[in-house]
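*Asks:* Got a structure for you, questions after.
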Amino acid sequence: MALAARAARVWGSRRGWRQHPRWQQEQHFSSLDDKPQFPGASAEFVDKLEFIQPNVISGIPIYRVMDRQGQIINPSEDPHLPQEKVLKFYKSMTLLNTMDRILYESQRQGRISFYMTNYGEEGTHVGSAAALDNTDLVFGQYREAGTTAFREQKQMGGPGRFQPGSRLTSECKEGSNTRTEENQCVLMYRDYPLEQFMAQCYGNVNDPGKGRQMPVHYGCKERHFVTISSPLATQIPQAVGAAYAAKRANANRIVICYFGEGAASEGDAHAGFNFAATLECPIIFFCRNNGYAISTPTSEQYRGDGIAARGPGYGILSIRVDGNDVFAVYNATKEARRRAVAENQPFLIEAMTYRIGHHSTSDDSSAYRSVDEVNYWDKQDHPISRLRHYMQSRGWWDDEQEKAWRKQSRKKVMEAFEEAERKLKPNPSLLFSDVYQEMPAQLRKQQESLTRHLQTYGEHYPLDHFEK
Amino acid sequence: MAAEAAAAGRLWLSACRAGGHWRRLCSAGLLRGFLQPASAVGDAARRRQLAHFTFQPDPEHQDYGQTQKMNLFQAVTSALDNSLAKDPTAVIFGEDVAFGGVFRCTVGLRDKYGKDRVFNTPLCEQGIVGFGIGIAVTGATAIAEIQFADYIFPAFDQIVNEAAKYRYRSGDLFNCGSLTIRSPWGCVGHGALYHSQSPEAFFAHCPGIKVVVPRSPFQAKGLLLSCIEDKNPCIFFEPKILYRAAVEQVPVEPYNIPLSQAEIIQEGSDVTLVAWGTQVHVIREVASMAQEKLGVSCEVIDLRTILPWDVDTVCKEECFLNLEAPISRVCGYDTPFPHIFEPFYIPDKWKCYDALRKMINY
């Protein structure tokens with residue numbers, strides 16, 4: 001905290017370039033002056049030996065707008081969003097929640113190979129997505145499980161397994177605690193069709209990704225959502241480069257980059273922060289601190305005051321927010337966006353939240369945390385509940401509407417789901433394209449060799465599920 | 001190498017004289033027994049080795065307009081100059097590129113094109129490549145420099161897991177084809193473990209990227225321009241020992257040399273010699289030696305692009321059954337690149353000649 005305050009005094013609300021060490025390097029200085037002349041820091045001398053104490057007991061405070069019951073605390077912080085917009089927040093979060101429950105179940109039944117649900121983090125994603133322009137580029141994070149549960153989709157329809165075409169029978173429980181990945185929620189907020197979510201998870205002919213990646217690795221060019229990749233934090237320096245290009249293009253665009261508190265330990269995160277600050281890029285670094293990186297709690301991930309405290313170390317304006325408060329997330333992102341594009345500098349938002357669900361379908365989190373802990377967050381501090389209370393207190397929502405919407409959203413999801421499941425997979429020749437922009441001769445030969453191979457040995461391959 | 005050392009010595013001495021420092025040293029009595037000219041040193045073994053190759057320039061190319069005498073780093077500068085002139089989105093970045101680069105490849109470009117287009121980055125290779133990928137994802141042209149190929153490894157994840165797979169994994173929704181990574185490469189006489197490496201083999205089996213190594217200034221400019229314009233991420237390794245040693249006439253205007261096409265520099269009928277970068281000049285000499293001493297006719301091929309490589313030129317058809325001797329691979333030993341032992345380590349013309357001789361007598 002003290003460090004942040006000191007940093008704020010140094011940098012102020014706008015980076016003063018005259019205080020910047022670079023400027024001082026270019027100044028004339030007199031060697032008779034007793035002030036420090038080092039190019040590397042702008043600071044005074046001190047003659048008392050004292051180590052700066054990192055303050056983790058009272059860390060950077062957490063900005064919030066609503067309390068846990070969805071009541072506005074300080075009316076001047078209420079963004080006063082119109083009903084229609086708040087309804088869209090709510091419907092995005094809950095629709096995704098519904099989709100998560102159904103797709104999680106479908107993995108359990110062997111219908112898709114893998115799934116990640118995010119329950120409890122919807123607020124971070126909708127709140128931030130709503131504060132962006134539609135053309136702002138999004139680099140998301142997919143937290144990979146090192147999964148052992150990668151069952152190939154050809155197992156679908158096998159003996160003893162669920163038969164394609166019949167309905168999902170297991171009722172998704174109220175407390176089954178599914179989550180939404182920020183990428184899904186941002187996409188959901190940008191009206192990415194359910195059919196396309198499903199198509200990617202099933203890797204069917206409609207998958208814009210052409211069946212190349214595991215489920216949940218979405219991407220959408222029209223919605224400016226860069227395709228997810230499994231390696232953690234690799235998107236961070238990439239997002240910075242994209243922001244630099246946006247700045248050069250005078251495009252009035254920013255880039256937002258999401259990652260978890262675990263990914264923030266990667267070298268790529270350090271690289272990204274440092275580059276963004278030194279190269280003055282209009283980017284928002286959005287860290288979802290949800291308490292766990294698979295089984296690793298934050299106490300084993302870092303020893304400092306979370307991720308927000310690192311920002312000032314790079315010269316980055318930083319804030320910590322209550323990630324379960326969709327308005328706090330919204331306000332912080334909105335202001336960061338406004339300033340990032342106006343001032344060409346990066347912002348760091350650390351959204352505190354909790355991962356209610358398992359890390360993925362390959363994880364059983366009861367192995368490393370208590371059910372009580374999980375239940376607390378599900379029942380006492382949930383972004384969807386808090387927003388619902390806010391809406392109800394304004395008369396914008398009631399139990400009737402809730403019931404109707406749940407039914408409607410489930411129906412929408414099921415329809416898209418069944419449709420996606422019926423579709424064939426893409427033609428196996430698509431295994432070979434897009435490695436390069438043009439197909440090299442060697443690869444074409446390999447493609448022809450597979451075609452010939454299938455002519456003789458096709459019966460041993462699941463060709464029935466694939467387009468001819 | 002000795003000539004360079006002597007020249008460097010003379011430069012130091014004249015600089016000292018100019019500054020008055022020389023006089024102070026003289027009067028301090030320190031100069032006696034201090035830095036006598038290399039030629040005065042009695043023991044020849046203490047003199048540093050000459051280079052293991054002789055650069056052989058190609059005949060001047062007439063087809064590309066006016067030419068100018070350039071060494072390899074100047075040819076690189078020329079290519080970069082051409083690129084930034086015609087592509088307003090193109091930017092060059094890396095460690096120390098702003099002042100001109102540690103090998104002078106970017107001299108003058110920041111003044112000419114501005115500090116938003118030619119700029120230093122912090123010292124972080126994974127950041128440099130990741131940042132470059134991000135620029136390329138937006139469609140702008142990114143030319144990243146990794147100061148020595150030996151330091152490309154922190155960026156390996158970004159290159160192999162990200163850049164190479166960007167187009168494929170997104171179903172062609174996104175790509176970073178406008179990224180080029182350039183890096184000084186290969187042995188230089190004294191580089192030891194960390195200033196001599198040739199790491200192309202680490203990338204040679206990574207689908208999605210292209211890897212290119214030129215043998216000369218003319219080749220370097222044309223191949224680099226092709227890499228920059230290629231719609232796939234490319235790694236361009238520049239043989240650092242050739243930066244100053246290789247001089248030839250190079251066209252001033254831009255031109256392209258196609259990627260994935262090997263070049264048959266010399267046709268022959270008995271033995272095929274394949275190499276890339278500096279080594280091409282070694283095997284050219286070996287080909288002459290073979291002709292002269294053994295009456296053997298050698299075909300000399302410069303591979304130029306390592307990935308995707310030109311199989312058809314090297315191997316006209318499935319040649320396994322047509323070979324009269326096993327393929328011989330002459331390269332460094334399976335050790336890290338040593339310092340003082342470099343003359344013994346490198347695949348010089350004597351080792352190549354010897355391998356050829358054994359092959360002929362197989």
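The values are calculated or read from the model by the stated rules, or taken from the named source; none is laboratory data. Note that this is a predicted model, so its numbers are computed, not measured. Cβ atoms come from the backbone with ideal geometry, glycine included; neighbour counts cover every protein chain shown.
*Asks:* Please give the number of the condition A:Thr451 fails out of (1) assigned to a helix (DSSP H, G or I); (2) within 14 Å of chain B (Cβ to nearest Cβ).
*Replies:* (2)
*Asks:* Here is a follow-up. Among the residues of the stretch A:103-113, are any β-branched (Val, Ile, Thr), assigned by TED's automatic domain parsing to the domain that holds A:Leu387 and either under 19 Å from A:Lys407 (Cβ atoms) or surrounded by 16 or more Cβ atoms within 10 Å (Cβ to Cβ) (or both)?
*Replies:* Scanning the stretch A:103-113 turns up at least one residue that is β-branched (Val, Ile, Thr), assigned by TED's automatic domain parsing to the domain that holds A:Leu387 and either under 19 Å from A:Lys407 (Cβ atoms) or surrounded by 16 or more Cβ atoms within 10 Å (Cβ to Cβ) (or both).
*Asks:* Taking helices (runs of 4 or more DSSP H) that do not extend beyond the stretch A:253-345, which have at least 3 residues that are of a type in the set (A, V, I, L, M) and either touching a residue at least 40 places away in the same chain (Cβ under 8 Å) or surrounded by 22 or more Cβ atoms within 10 Å (Cβ to Cβ) (or both)?
*Replies:* Values: elements: A:267-278, A:311-314, A:326-343.
Because the criterion is at least 3 residues that are of a type in the set (A, V, I, L, M) and either touching a residue at least 40 places away in the same chain (Cβ under 8 Å) or surrounded by 22 or more Cβ atoms within 10 Å (Cβ to Cβ) (or both), the helices (runs of 4 or more DSSP H) in the stretch A:253-345 that meet it are A:267-278, A:326-343.
*Asks:* Which condition number in (1) within 14 Å of chain B (Cβ to nearest Cβ); (2) within 24 Å of A:Lys85 (Cβ to Cβ); (3) charged (D, E, K, R) is the one that A:Lys403 fails?
*Replies:* (1)
*Asks:* Could you say which residue among B:Cys352, B:Cys319 is under 21 Å from B:Gln266 (Cα atoms), at pLDDT below 95 and assigned by the TED database to the domain that holds B:Trp276?
*Replies:* Criteria check complete, one pass: B:Cys319.
*Asks:* How many of the residues making up the stretch B:260-303 are farther than 26 Å from A:Pro440 by Cα and aromatic (Phe, Trp, Tyr)?
*Replies:* Going through the stretch B:260-303 one residue at a time, the tally reaches 0.
*Asks:* Continuing with this model, one more query. All but one of (1) in contact with a strand residue (DSSP E or B) (Cβ under 6 Å, 6 or more places away or on another chain); (2) touching a residue at least 60 places away in the same chain (Cβ under 8 Å) hold for B:Gln74, so report the exception by its number.
*Replies:* (1)
*Asks:* What is the one condition in (1) free of Cβ contacts under 8 Å to residues at least 24 places away in the same chain; (2) among the charged types (D, E, K, R); (3) surrounded by 21 or more Cβ atoms within 10 Å (Cβ to Cβ) that B:Asp172 does not satisfy?
*Replies:* B:Asp172 satisfies every listed condition except (3).
*Asks:* Here's another thing I want to ask about it. Can you tell me how many residues within the stretch B:66-108 are of a type in the set (Gly, Ala, Ser) and in a loop (DSSP other than H, G, I, E, B)?
*Replies:* 5
*Asks:* If a residue has to be in a loop (DSSP other than H, G, I, E, B) and over 21 Å from A:Glu421 (Cα atoms) to count, how many in the stretch A:207-249 make the cut?
*Replies:* So the answer is 13.
*Asks:* Sticking with this one: Scan the stretch A:74-89 residue by residue and report those that are surrounded by 12 or more Cβ atoms within 10 Å (Cβ to Cβ) and either in a loop (DSSP other than H, G, I, E, B) or in contact with a strand residue (DSSP E or B) (Cβ under 9 Å, 6 or more places away or on another chain) (or both).
*Replies:* Hits for the stretch A:74-89 are A:Glu77, A:Asp78, A:Pro79, A:Leu81.
*Asks:* Further, regarding this structure: Among what's in the stretch A:34-72 and is surrounded by 10 or more Cβ atoms within 10 Å (Cβ to Cβ) and of a type in the set (Phe, Trp, Tyr), pick the residue that is farthest from A:Tyr390 (Cα to Cα).
*Replies:* Looking at the filtered set, the residue picked out is A:Phe38.
*Asks:* Could you go through the stretch A:354-366 and let me know if any residue there is more than 30 Å from B:Pro207 (Cβ to Cβ) and not in a loop (DSSP other than H, G, I, E, B).
*Replies:* So far as the stretch A:354-366 goes, yes, one or more of its residues are more than 30 Å from B:Pro207 (Cβ to Cβ) and not in a loop (DSSP other than H, G, I, E, B).
*Asks:* Determine whether the stretch B:95-111 contains at least one residue that is away from chain A (no Cβ under 13 Å), modelled with pLDDT under 95 and touching a Leu at 6+ places or on another chain (Cβ under 7 Å).
*Replies:* The answer is no, given that none of the residues of the stretch B:95-111 is away from chain A (no Cβ under 13 Å), modelled with pLDDT under 95 and touching a Leu at 6+ places or on another chain (Cβ under 7 Å).
*Asks:* Another question, if that's okay. Which number in (1) more than 9 Å from chain B (Cβ to nearest Cβ); (2) in contact with a helix residue (DSSP H, G or I) (Cβ under 8 Å, 6 or more places away or on another chain); (3) crowded, with 24+ Cβ neighbours inside 10 Å; (4) assigned to a helix (DSSP H, G or I) marks the one condition that A:Glu195 misses?
*Replies:* So A:Glu195 meets the others, but not (3).
*Asks:* Now, a different point. In the stretch A:209-232, which residues are at pLDDT 95 or above and more than 9 Å from chain B (Cβ to nearest Cβ)?
*Replies:* Listed by number, the list holds a single entry, A:Leu232.
*Asks:* Out of the stretch A:427-438, which residues are more than 10 Å from chain B (Cβ to nearest Cβ) and either loosely packed, with under 13 Cβ neighbours inside 10 Å or assigned to a loop (DSSP other than H, G, I, E, B) (or both)?
*Replies:* A:Asn427
*Asks:* Output the residues belonging to the stretch B:147-172 that are of a type outside the set (Gly, Ala, Ser) and facing chain A (nearest Cβ under 7 Å).
*Replies:* B:Asp157, B:Gln158, B:Asn161, B:Glu162, B:Arg167, B:Tyr168, B:Arg169, B:Asp172
*Asks:* Could you please find all residues in the stretch A:225-252 being surrounded by fewer than 24 Cβ atoms within 10 Å (Cβ to Cβ) and more than 19 Å from the chain's Cα centre (by Cα)?
*Replies:* Hits for the stretch A:225-252 are A:Lys247, A:Arg248, A:Ala249, A:Asn250, A:Ala251, A:Asn252.
*Asks:* Select from the stretch A:376-391 the residues that are touching a residue at least 40 places away in the same chain (Cβ under 8 Å) and in a helix (DSSP H, G or I) and list them in ascending order.
*Replies:* A:Trp377, A:Asp378, A:Gln380, A:Pro383, A:Ile384, A:Ser385, A:Arg386, A:Leu387, A:Arg388, A:His389, A:Tyr390, A:Met391
*Asks:* Among (1) surrounded by 24 or more Cβ atoms within 10 Å (Cβ to Cβ); (2) away from every other protein chain (no Cβ under 14 Å); (3) under 12 Å from the mean Cα position of the chain (by Cα), where does B:Phe218 come up short?
*Replies:* (3)
*Asks:* Of all residues in the stretch B:238-247, which are among the aliphatic types (A, V, I, L, M) and either outside any helix (DSSP H, G or I) or surrounded by fewer than 21 Cβ atoms within 10 Å (Cβ to Cβ) (or both)?
*Replies:* B:Ile241, B:Ala245, B:Ala246, B:Val247
*Asks:* Okay, moving on. Given B:Ala140, B:Ala136, B:Ala144, which one is within 12 Å of chain A (Cβ to nearest Cβ), under 23 Å from the mean Cα position of the chain (by Cα) and among the aliphatic types (A, V, I, L, M)? Spell out the reasoning first.
*Replies:* Numbers: B:Ala140 fails: under 23 Å from the mean Cα position of the chain (by Cα); B:Ala136 fails: under 23 Å from the mean Cα position of the chain (by Cα).
One residue alone meets the criteria, B:Ala144.
*Asks:* Does the stretch B:119-127 contain any residue that is more than 12 Å from chain A (Cβ to nearest Cβ), farther than 30 Å from A:Lys210 by Cβ and crowded, with 18+ Cβ neighbours inside 10 Å?
*Replies:* No, the stretch B:119-127 contains no residue that is more than 12 Å from chain A (Cβ to nearest Cβ), farther than 30 Å from A:Lys210 by Cβ and crowded, with 18+ Cβ neighbours inside 10 Å.
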